[in-house]
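As structure tokens, the structure follows; a few thoughts come after it.
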Amino acid sequence: MEVATRDLSTYHELISDLFKQPASREEWEQYRLSDEQVAFFHENGYLSNIKLLEDWQVDALNEELVAATDPSNPSHHLYYEFHSNESADPNAVLLHALGAWRVTEGFHDVLWNPAFVMAASQLLGNKAVRFWHDQLFCKPARHGGVVAWHQDYSYWTRSVPMQHLTCWTGLDDSLIENGCLYYVPKSHRWGLLDKPELAGDMEGLMQYLTEEQKTEFKPIPIEMKRGYGTFHHPLMVHGSYENRSERSRRAFVINVFADGTQSDTNATLLDGVPVVPKGEKLKGQFFPLLFDA
């Protein structure tokens, strides 16, 4: 696969050989989550350790990642945001970028990964799935930074109603030692909290919690092999600690919502994307339909 010099947001289908589109209902069935998995998600706010990629697919994406995150890439201007270090501390590096789906074929095609879209539809209540935006999160070995405790929807209130879903997939084995994701189980029932600075103080969210929530704040590490993903509710409190290990921690995130979600602002939703007037449905070039249940 090669780095594109065209804007891949104009293609709303698989364009590389990374995945095969299922041709029948039977072929789709192999990707279906069990009723127990769906129930676990609704009860706890997350579902982890779902195999989404084979090793060769992870290798291909890691190869693309090098070109995708090179500032001299001719398609670099297509990112909605690109922070080679979102943290203010040069000793705590967090590469964070939105828009890789427009830049390379592999990061474009992961949106249409059958294993991902089938699970996403089920977790959204068997609804049609539309793309919101993607993210790259890379913590280098020895000096990788934190992602502070937060809820995703606190950054997304410009889109309504809240019927969103996040999927985080590791391109390295993610372990406690290299800064894996942590969840606070059942925190998706706490309602919407104020949002802290994403790469700032790890504990910044604490000032917005009630005493009861502080008592219930019992984070668990989500350790997974590379190629495995974890899904979480838009109000799930999550974050990740720094990486001081000898191994990197690379990951990509796909954020989606149920079809029918609308703009709740007359301002720009994502940098470089034309304004969608308040009350209008999110669709078109930048919010493609990924799966129709």
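The values are calculated or read from the model by the stated rules, or taken from the named source; none is laboratory data. Computed from a prediction, not measured in an experiment: that's the story for all the values here. Note: ideal-geometry Cβ built from the backbone for every residue, glycine included; neighbour counts use all protein chains shown. To get the accessible areas, we keep the full protein, side chains included, count just its heavy atoms, and leave off ligands, DNA and RNA. Shrake-Rupley method; radii C 1.70, N 1.55, O 1.52, S 1.80 Å.
The residue pairs whose first member lies in the stretch 60-72 and is within 13 Å of Asp172 (Cα to Cα), whose second member is surrounded by 13 or more Cβ atoms within 10 Å (Cβ to Cβ) and of a type in the set (Lys, Arg), and whose beta carbons are closer than 9 Å, counting only pairs six or more residues apart or on different chains, are Leu61/Arg250; Asn62/Arg226; Asn62/Arg250; Leu65/Arg250. If you go through the stretch 124-146 and pick out every residue that is open to solvent by 10 Å² or more (accessible area, probe 1.4 Å) and not charged (D, E, K, R), you end up with 11.
Could you tell me whether Ala97 is touching a Leu at 6+ places or on another chain (Cβ under 6 Å), without any contact (Cβ under 8 Å) to a residue 40 or more places away in the chain and within 21 Å of Phe137 (Cβ to Cβ)?
Working: touching a Leu at 6+ places or on another chain (Cβ under 6 Å): yes; without any contact (Cβ under 8 Å) to a residue 40 or more places away in the chain: yes; within 21 Å of Phe137 (Cβ to Cβ): yes.
For Ala97, the condition - touching a Leu at 6+ places or on another chain (Cβ under 6 Å), without any contact (Cβ under 8 Å) to a residue 40 or more places away in the chain and within 21 Å of Phe137 (Cβ to Cβ) - is met.
Going residue by residue through the stretch 223-234, is there one that turns out to be of a type in the set (A, V, I, L, M) and either at pLDDT below 95 or closer than 22 Å to His133 by Cβ (or both)? Among the residues of the stretch 223-234, not one is of a type in the set (A, V, I, L, M) and either at pLDDT below 95 or closer than 22 Å to His133 by Cβ (or both), which makes the answer no. Listed by position, the helices (runs of 4 or more DSSP H) inside the stretch 2-120 whose residues that are modelled with pLDDT under 95 and more than 18 Å from the chain's Cα centre (by Cα) number at least 1 are 25-29, 55-68.
Quick one: is Arg102 surrounded by 19 or more Cβ atoms within 10 Å (Cβ to Cβ) and charged (D, E, K, R)? Quick ask: steps written out before the conclusion?
Values: surrounded by 19 or more Cβ atoms within 10 Å (Cβ to Cβ): yes; charged (D, E, K, R): yes.
Yes.
State all residues of the stretch 244-266 that are in a loop (DSSP other than H, G, I, E, B) and more than 20 Å from Lys278 (Cα to Cα); if no residue qualifies, say none.
Step one: list which residues in the stretch 244-266 are in a loop (DSSP other than H, G, I, E, B), which gives 244-248, 259-261, 264-266.
Across the stretch 244-266, the qualifying residues are Arg244, Ser245, Glu246, Arg247, Ser248.
Inside the stretch 200-216, can you point out the residues that are open to solvent by 30 Å² or more (accessible area, probe 1.4 Å), part of a loop (DSSP other than H, G, I, E, B) and modelled with pLDDT of 95 or more? Don't jump to the end; show me each part of the working.
Of the stretch 200-216, the ones open to solvent by 30 Å² or more (accessible area, probe 1.4 Å) are 201, 203, 206-208, 210-212, 214-216.
Next cut, part of a loop (DSSP other than H, G, I, E, B) only: 201, 203, 210.
Result: Thr210, single match.
So in the stretch 275-293, with the set limited to residues that are over 20 Å from His108 (Cβ atoms) and part of a loop (DSSP other than H, G, I, E, B), which one is most open to solvent (accessible area, probe 1.4 Å)? Lay out the reasoning, then the answer.
Step one: list which residues in the stretch 275-293 are over 20 Å from His108 (Cβ atoms), which gives 275-281, 293.
After this cut, where a residue has to be part of a loop (DSSP other than H, G, I, E, B) as well, the list is 275-280, 293.
On the way: Val275: 74, Val276: 18, Pro277: 53, Lys278: 120, Gly279: 43, Glu280: 97, Ala293: 79 Å².
If we take residues in the stretch 275-293 being over 20 Å from His108 (Cβ atoms) and part of a loop (DSSP other than H, G, I, E, B), then Lys278 is most open to solvent (accessible area, probe 1.4 Å).
One residue stands out in the stretch 147-186 among those that are open to solvent by 30 Å² or more (accessible area, probe 1.4 Å) and part of a strand (DSSP E or B): the one that is nearest to Leu270 (Cα to Cα), namely Val160.
Residues in the stretch 232-250 that are surrounded by fewer than 24 Cβ atoms within 10 Å (Cβ to Cβ), within 19 Å of Gly200 (Cα to Cα) and small (Gly, Ala, Ser): Gly239 alone. When residues in the stretch 19-41 are screened for being over 25 Å from Phe107 (Cα atoms) and open to solvent by 50 Å² or more (accessible area, probe 1.4 Å), 7 of them pass.
Would you point out which residue out of Glu54, Glu64 is open to solvent by less than 20 Å² (accessible area, probe 1.4 Å), under 23 Å from Phe131 (Cβ atoms) and of a type in the set (Asp, Glu)? Break it down into steps so the answer makes sense when it comes.
Numbers: Glu54 fails: open to solvent by less than 20 Å² (accessible area, probe 1.4 Å).
Every option except Glu64 fails the conditions.
Just the residues that are among the hydrophobic types (A, V, I, L, M, F, W, C) and more than 30 Å from Leu18 (Cα to Cα), please, taken from the stretch 194-228. Outline the logic, then answer.
Here is the first cut: in the stretch 194-228, the residues among the hydrophobic types (A, V, I, L, M, F, W, C) are 198-199, 202, 205-206, 209, 217, 220, 222, 224.
Once the filter is applied, which keeps residues that are among the hydrophobic types (A, V, I, L, M, F, W, C) and more than 30 Å from Leu18 (Cα to Cα), the stretch 194-228 yields Leu198, Ala199, Met202, Leu205, Met206, Leu209, Phe217, Ile220.
Does Tyr241 satisfy being of a type in the set (Phe, Trp, Tyr) and modelled with pLDDT under 95? In short, yes.
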